[in-house]
Amino acid sequence: MDSTQGAMIDLYLCHGHVYVWNAPDACALREHHRIVGTFVGALPRLPRQNVRLGRPLQLMPEETTLLLNKGIARLLDGNILPKTDEDALQALKEHRQQSFREQAEMCKSERKRKLHEMASVIAKGRAAKRRKLAQKTDGVNSSSSTKDAESSSLDQTKVEEEPSLTTEEMKELETKLDKTTGYNEQAFLVQIMTEQVTQEPQEVIPWHYPTTDREALRCEVFQDLWEKGYFLTSGGKFGGDFLVYPGDPFRYHSFYIAVCLQRSETMEALDIVRLGRLGSNVKKTVLLCSESETGEMTYTSLQWTGMN
(Lines give C-alpha, C1' and ligand atoms only; values in the text may rest on other atoms or scores of the structure.)
Protein backbone atom coordinates (compact mmCIF):
# COMPACT_ATOMS: atom_id res chain seq x y z
CA MET A 1 0.00 0.00 0.00
CA ASP A 2 1.37 3.43 -0.88
CA SER A 3 0.16 6.96 -0.38
CA THR A 4 -1.90 6.82 -3.56
CA GLN A 5 -4.13 4.05 -2.15
CA GLY A 6 -5.46 6.11 0.75
CA ALA A 7 -5.15 9.24 2.80
CA MET A 8 -1.76 10.17 4.16
CA ILE A 9 -0.99 9.18 7.73
CA ASP A 10 -0.91 12.07 10.19
CA LEU A 11 2.20 12.35 12.37
CA TYR A 12 2.16 14.82 15.24
CA LEU A 13 5.32 16.58 16.41
CA CYS A 14 5.11 17.42 20.10
CA HIS A 15 8.08 18.64 22.18
CA GLY A 16 10.61 17.12 19.81
CA HIS A 17 8.94 13.69 19.55
CA VAL A 18 6.73 12.32 16.79
CA TYR A 19 3.55 10.44 17.67
CA VAL A 20 0.79 8.54 15.90
CA TRP A 21 -2.55 8.76 17.72
CA ASN A 22 -4.91 7.11 15.27
CA ALA A 23 -5.25 3.34 15.80
CA PRO A 24 -5.87 2.42 12.12
CA ASP A 25 -2.81 4.50 11.16
CA ALA A 26 -0.65 2.66 13.71
CA CYS A 27 -1.86 -0.68 12.31
CA ALA A 28 -1.26 0.43 8.72
CA LEU A 29 2.29 1.51 9.53
CA ARG A 30 3.11 -1.94 10.87
CA GLU A 31 1.15 -4.10 8.44
CA HIS A 32 1.79 -2.26 5.18
CA HIS A 33 4.93 -0.18 5.74
CA ARG A 34 6.96 -2.29 8.23
CA ILE A 35 7.25 0.64 10.65
CA VAL A 36 7.11 -0.64 14.22
CA GLY A 37 7.58 2.35 16.53
CA THR A 38 7.08 2.15 20.30
CA PHE A 39 3.84 2.43 22.24
CA VAL A 40 4.31 4.85 25.13
CA GLY A 41 0.76 5.39 26.43
CA ALA A 42 -1.05 3.73 29.31
CA LEU A 43 -3.82 1.21 28.69
CA PRO A 44 -7.18 2.56 29.96
CA ARG A 45 -8.04 -0.65 31.82
CA LEU A 46 -4.50 -1.31 33.11
CA PRO A 47 -3.02 2.11 33.83
CA ARG A 48 -0.74 1.06 36.70
CA GLN A 49 1.66 -1.18 34.79
CA ASN A 50 4.28 -0.75 32.07
CA VAL A 51 4.49 -4.26 30.61
CA ARG A 52 1.84 -3.60 27.95
CA LEU A 53 1.45 -0.06 26.68
CA GLY A 54 -0.95 1.62 24.29
CA ARG A 55 -1.29 4.71 22.15
CA PRO A 56 0.26 7.00 21.21
CA LEU A 57 2.82 5.28 19.02
CA GLN A 58 6.16 7.08 19.20
CA LEU A 59 8.35 6.95 16.11
CA MET A 60 12.12 7.15 15.85
CA PRO A 61 13.51 10.12 13.89
CA GLU A 62 14.69 7.69 11.19
CA GLU A 63 11.19 6.22 10.86
CA THR A 64 9.70 9.70 10.56
CA THR A 65 12.26 10.71 7.93
CA LEU A 66 11.53 7.61 5.87
CA LEU A 67 7.77 8.11 5.96
CA LEU A 68 8.06 11.74 4.93
CA ASN A 69 10.58 11.00 2.14
CA LYS A 70 8.35 8.24 0.75
CA GLY A 71 5.24 10.42 0.83
CA ILE A 72 3.45 8.01 3.15
CA ALA A 73 2.78 10.50 5.94
CA ARG A 74 2.63 14.19 6.70
CA LEU A 75 3.90 16.03 9.77
CA LEU A 76 1.54 18.21 11.80
CA ASP A 77 2.04 20.39 14.85
CA GLY A 78 0.90 18.51 17.95
CA ASN A 79 1.34 21.50 20.25
CA ILE A 80 -1.61 23.46 18.81
CA LEU A 81 -4.84 22.90 20.73
CA PRO A 82 -7.82 22.20 18.46
CA LYS A 83 -10.65 24.72 18.33
CA THR A 84 -13.88 23.46 19.85
CA ASP A 85 -17.18 25.33 19.58
CA GLU A 86 -20.05 25.29 22.07
CA ASP A 87 -22.07 22.73 20.11
CA ALA A 88 -19.18 20.28 20.12
CA LEU A 89 -18.67 20.78 23.86
CA GLN A 90 -22.36 20.19 24.53
CA ALA A 91 -22.33 17.05 22.39
CA LEU A 92 -19.30 15.79 24.30
CA LYS A 93 -21.02 16.42 27.65
CA GLU A 94 -24.17 14.61 26.52
CA HIS A 95 -22.08 11.69 25.24
CA ARG A 96 -20.28 11.48 28.59
CA GLN A 97 -23.54 11.63 30.58
CA GLN A 98 -25.02 8.89 28.41
CA SER A 99 -21.90 6.81 29.06
CA PHE A 100 -22.35 7.32 32.82
CA ARG A 101 -26.01 6.25 32.65
CA GLU A 102 -25.12 3.11 30.68
CA GLN A 103 -22.38 2.23 33.15
CA ALA A 104 -24.80 2.76 36.06
CA GLU A 105 -27.27 0.32 34.46
CA MET A 106 -24.45 -2.16 33.95
CA CYS A 107 -23.51 -1.81 37.63
CA LYS A 108 -27.11 -2.50 38.68
CA SER A 109 -27.31 -5.53 36.40
CA GLU A 110 -24.05 -6.85 37.79
CA ARG A 111 -25.25 -6.33 41.37
CA LYS A 112 -28.50 -8.16 40.60
CA ARG A 113 -26.52 -11.05 39.18
CA LYS A 114 -24.38 -11.14 42.33
CA LEU A 115 -27.55 -10.98 44.42
CA HIS A 116 -28.94 -14.10 42.76
CA GLU A 117 -25.60 -15.87 43.15
CA MET A 118 -25.51 -15.00 46.87
CA ALA A 119 -29.18 -15.83 47.49
CA SER A 120 -28.37 -19.10 49.24
CA VAL A 121 -25.79 -17.41 51.46
CA ILE A 122 -28.27 -14.67 52.39
CA ALA A 123 -30.93 -17.29 53.16
CA LYS A 124 -28.55 -19.23 55.38
CA GLY A 125 -27.63 -16.06 57.24
CA ARG A 126 -31.27 -15.17 57.84
CA ALA A 127 -32.05 -18.74 58.94
CA ALA A 128 -29.16 -18.63 61.41
CA LYS A 129 -30.47 -15.39 62.89
CA ARG A 130 -33.94 -16.88 63.24
CA ARG A 131 -32.52 -19.93 65.00
CA LYS A 132 -30.59 -17.77 67.45
CA LEU A 133 -33.69 -15.73 68.24
CA ALA A 134 -35.74 -18.90 68.68
CA GLN A 135 -33.14 -20.39 71.01
CA LYS A 136 -33.10 -17.26 73.14
CA THR A 137 -36.90 -17.14 73.30
CA ASP A 138 -37.40 -20.85 73.99
CA GLY A 139 -34.38 -21.38 76.21
CA VAL A 140 -34.62 -18.57 78.76
CA ASN A 141 -37.52 -19.95 80.82
CA SER A 142 -37.27 -23.57 79.70
CA SER A 143 -37.06 -26.02 82.62
CA SER A 144 -38.55 -29.15 81.14
CA SER A 145 -36.17 -31.71 79.66
CA THR A 146 -38.93 -32.84 77.33
CA LYS A 147 -39.26 -29.35 75.93
CA ASP A 148 -35.50 -29.12 75.50
CA ALA A 149 -35.47 -32.39 73.63
CA GLU A 150 -38.26 -31.27 71.34
CA SER A 151 -36.54 -27.92 70.72
CA SER A 152 -33.24 -29.68 69.94
CA SER A 153 -35.01 -32.04 67.55
CA LEU A 154 -36.72 -29.09 65.86
CA ASP A 155 -33.43 -27.24 65.51
CA GLN A 156 -31.77 -30.30 64.05
CA THR A 157 -34.53 -30.54 61.44
CA LYS A 158 -34.09 -26.88 60.56
CA VAL A 159 -30.34 -27.28 60.17
CA GLU A 160 -30.76 -30.20 57.82
CA GLU A 161 -33.15 -28.26 55.60
CA GLU A 162 -31.49 -26.11 52.91
CA PRO A 163 -32.76 -22.55 53.46
CA SER A 164 -33.75 -20.43 50.47
CA LEU A 165 -35.23 -17.02 49.84
CA THR A 166 -38.87 -16.80 48.93
CA THR A 167 -40.05 -15.02 45.81
CA GLU A 168 -41.33 -12.13 47.93
CA GLU A 169 -37.99 -11.78 49.73
CA MET A 170 -36.07 -11.77 46.46
CA LYS A 171 -38.37 -9.11 44.97
CA GLU A 172 -37.92 -7.02 48.10
CA LEU A 173 -34.13 -7.15 47.76
CA GLU A 174 -34.29 -6.28 44.05
CA THR A 175 -36.57 -3.34 44.82
CA LYS A 176 -34.11 -1.99 47.36
CA LEU A 177 -31.32 -2.44 44.80
CA ASP A 178 -33.27 -0.52 42.12
CA LYS A 179 -33.69 2.39 44.51
CA THR A 180 -29.94 2.69 44.92
CA THR A 181 -28.75 6.05 43.58
CA GLY A 182 -25.34 6.27 45.20
CA TYR A 183 -23.28 5.74 42.05
CA ASN A 184 -20.38 8.16 41.93
CA GLU A 185 -19.48 9.40 38.46
CA GLN A 186 -15.85 9.70 39.52
CA ALA A 187 -15.72 5.90 39.79
CA PHE A 188 -16.87 5.38 36.20
CA LEU A 189 -14.71 5.04 33.11
CA VAL A 190 -14.27 8.24 31.12
CA GLN A 191 -13.61 8.12 27.39
CA ILE A 192 -10.62 10.31 26.56
CA MET A 193 -10.64 11.72 23.07
CA THR A 194 -7.28 11.18 21.38
CA GLU A 195 -8.09 12.74 18.05
CA GLN A 196 -9.87 15.88 16.88
CA VAL A 197 -13.24 14.84 15.49
CA THR A 198 -13.94 18.04 13.58
CA GLN A 199 -12.41 18.38 10.14
CA GLU A 200 -10.24 21.46 10.54
CA PRO A 201 -7.51 22.25 8.02
CA GLN A 202 -4.03 21.77 9.48
CA GLU A 203 -0.82 23.03 7.97
CA VAL A 204 2.06 20.70 7.35
CA ILE A 205 5.20 21.70 9.25
CA PRO A 206 8.82 21.09 8.20
CA TRP A 207 10.90 18.25 9.63
CA HIS A 208 14.40 19.34 10.63
CA TYR A 209 16.20 16.01 10.67
CA PRO A 210 18.94 14.96 10.06
CA THR A 211 21.18 17.81 11.09
CA THR A 212 24.56 16.03 11.45
CA ASP A 213 26.56 13.57 9.36
CA ARG A 214 25.95 10.78 11.85
CA GLU A 215 22.19 11.38 11.82
CA ALA A 216 22.26 11.38 8.02
CA LEU A 217 24.13 8.07 8.04
CA ARG A 218 21.59 6.53 10.42
CA CYS A 219 18.76 7.63 8.13
CA GLU A 220 20.49 6.16 5.06
CA VAL A 221 21.20 2.86 6.78
CA PHE A 222 17.65 2.65 8.07
CA GLN A 223 16.16 3.33 4.63
CA ASP A 224 18.49 0.92 2.84
CA LEU A 225 17.72 -1.98 5.19
CA TRP A 226 14.01 -1.10 5.12
CA GLU A 227 14.02 -1.20 1.32
CA LYS A 228 15.59 -4.66 1.51
CA GLY A 229 12.44 -5.86 3.31
CA TYR A 230 13.58 -5.84 6.93
CA PHE A 231 11.83 -4.57 10.06
CA LEU A 232 13.94 -2.25 12.23
CA THR A 233 13.68 -1.11 15.82
CA SER A 234 15.97 0.76 18.20
CA GLY A 235 19.13 -1.16 19.10
CA GLY A 236 20.09 0.77 22.21
CA LYS A 237 19.49 -2.21 24.52
CA PHE A 238 22.08 -4.23 22.59
CA GLY A 239 24.70 -1.54 22.17
CA GLY A 240 23.90 -0.78 18.51
CA ASP A 241 21.92 1.67 16.45
CA PHE A 242 19.20 -0.68 15.15
CA LEU A 243 17.93 -4.21 15.58
CA VAL A 244 17.18 -5.83 12.22
CA TYR A 245 14.36 -8.40 11.95
CA PRO A 246 13.51 -10.69 9.01
CA GLY A 247 9.80 -10.25 9.78
CA ASP A 248 7.43 -8.72 12.30
CA PRO A 249 9.13 -8.50 15.75
CA PHE A 250 6.03 -10.13 17.26
CA ARG A 251 6.89 -13.30 15.34
CA TYR A 252 10.67 -13.23 14.86
CA HIS A 253 13.82 -12.56 16.84
CA SER A 254 16.23 -10.04 15.41
CA PHE A 255 19.07 -11.43 13.29
CA TYR A 256 21.42 -8.44 13.24
CA ILE A 257 22.64 -5.57 15.39
CA ALA A 258 23.34 -2.65 13.06
CA VAL A 259 26.14 -0.29 14.10
CA CYS A 260 26.52 2.84 11.96
CA LEU A 261 30.07 4.08 11.32
CA GLN A 262 31.41 6.84 9.14
CA ARG A 263 33.65 5.69 6.29
CA SER A 264 36.62 7.57 7.74
CA GLU A 265 35.94 6.52 11.32
CA THR A 266 38.52 4.24 12.95
CA MET A 267 37.86 1.45 15.43
CA GLU A 268 40.20 -0.01 18.02
CA ALA A 269 40.73 -3.75 18.20
CA LEU A 270 39.09 -3.89 21.63
CA ASP A 271 35.92 -2.32 20.22
CA ILE A 272 35.79 -4.94 17.47
CA VAL A 273 36.25 -7.72 20.05
CA ARG A 274 33.58 -6.14 22.27
CA LEU A 275 31.05 -6.03 19.45
CA GLY A 276 31.90 -9.58 18.37
CA ARG A 277 31.48 -10.96 21.87
CA LEU A 278 28.28 -8.98 22.32
CA GLY A 279 26.73 -10.43 19.19
CA SER A 280 27.82 -13.93 20.17
CA ASN A 281 26.32 -13.68 23.67
CA VAL A 282 22.92 -12.55 22.39
CA LYS A 283 23.02 -14.91 19.36
CA LYS A 284 23.00 -12.14 16.76
CA THR A 285 25.32 -10.97 14.02
CA VAL A 286 26.83 -7.50 14.31
CA LEU A 287 26.66 -5.41 11.12
CA LEU A 288 29.10 -2.54 10.68
CA CYS A 289 27.23 -0.17 8.37
CA SER A 290 28.92 2.60 6.42
CA GLU A 291 28.71 4.44 3.11
CA SER A 292 31.18 3.67 0.33
CA GLU A 293 32.89 6.25 -1.86
CA THR A 294 30.28 5.64 -4.55
CA GLY A 295 27.42 6.41 -2.12
CA GLU A 296 26.30 2.80 -1.71
CA MET A 297 25.82 1.22 1.70
CA THR A 298 28.38 -1.41 2.69
CA TYR A 299 27.91 -3.96 5.47
CA THR A 300 30.62 -5.86 7.34
CA SER A 301 29.49 -8.69 9.60
CA LEU A 302 31.27 -9.67 12.82
CA GLN A 303 30.91 -13.21 14.16
CA TRP A 304 32.80 -14.57 17.15
CA THR A 305 34.37 -17.93 16.31
CA GLY A 306 36.82 -18.26 19.19
CA MET A 307 40.46 -19.30 19.03
CA ASN A 308 42.01 -22.71 18.45
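Quick notes on this structure:
- The range 194-277 shape via C-alpha gyration tensor axes, a/c threshold 1.5: oblate
- The slack between Leu89 and His15, meaning 0.36 nm per residue of separation minus the straight C-alpha distance, is 24.0 nm.
- Stretchable slack from Val190 to Phe250, in nm (0.36 nm times residue separation minus alpha-carbon distance): 18.5 nm
- Modelled label reach - Val282, point 7 Å along Cα→Cβ, the range 233-263 residues with backbone N closer than 13 Å: 233-245, 253-260
- A simple count of charges around Val40, restricted to other residues whose Cβ falls under 15 Å of its Cβ and scoring Lys, Arg +1 and Asp, Glu -1, yields +1.
- Positive contributions from Lys and Arg (+1) and negative ones from Asp and Glu (-1), summed over other residues with Cβ under 9 Å from the Cβ of Gln262, come out at -1.
- Remark: the Asn50-Gln98 segment gains 14.2 nm on full extension, using 0.36 nm per residue and subtracting the alpha carbon distance.
- Where Trp21, Trp207, Trp226, Trp304 fall by accessible area, highest first, once all protein chains stay in place (1.4 Å): Trp304, Trp21, Trp207, Trp226
- Remark: for residue pairs Lys112/Lys136; Lys93/Lys179; Lys129/Lys176, the C-alpha separation exceeds 30 Å in Lys112/Lys136.
- In terms of accessible area, using a 1.4 Å probe and ignoring ligands and nucleic acids, Cys27, Cys219 rank largest first as Cys27, Cys219.
- Anchor Lys284: lysines whose Cα lies under 20 Å away (excluding residues fewer than 8 positions away in-chain): Lys228, Lys237
- Taking other residues whose beta carbon is less than 14 angstrom from the beta carbon of His253, and scoring Lys, Arg as +1 and Asp, Glu as -1, yields +3.
- Sorted largest first by accessible area at a 1.4 angstrom probe radius, with every protein chain in place, the residues Ile272, Ile9 fall in the order Ile272, Ile9.
The values are calculated or read from the model by the stated rules, or taken from the named source; none is laboratory data. Predicted model only: the values in this text are computed from it and were never measured. Because the Cβ atoms are built from the backbone with ideal geometry, glycine has one as well, and the counts that use them run over all protein chains shown. Just the protein is used for accessible areas: all its heavy atoms, side chains included, with ligands, DNA and RNA removed. Shrake-Rupley method; radii C 1.70, N 1.55, O 1.52, S 1.80 Å.
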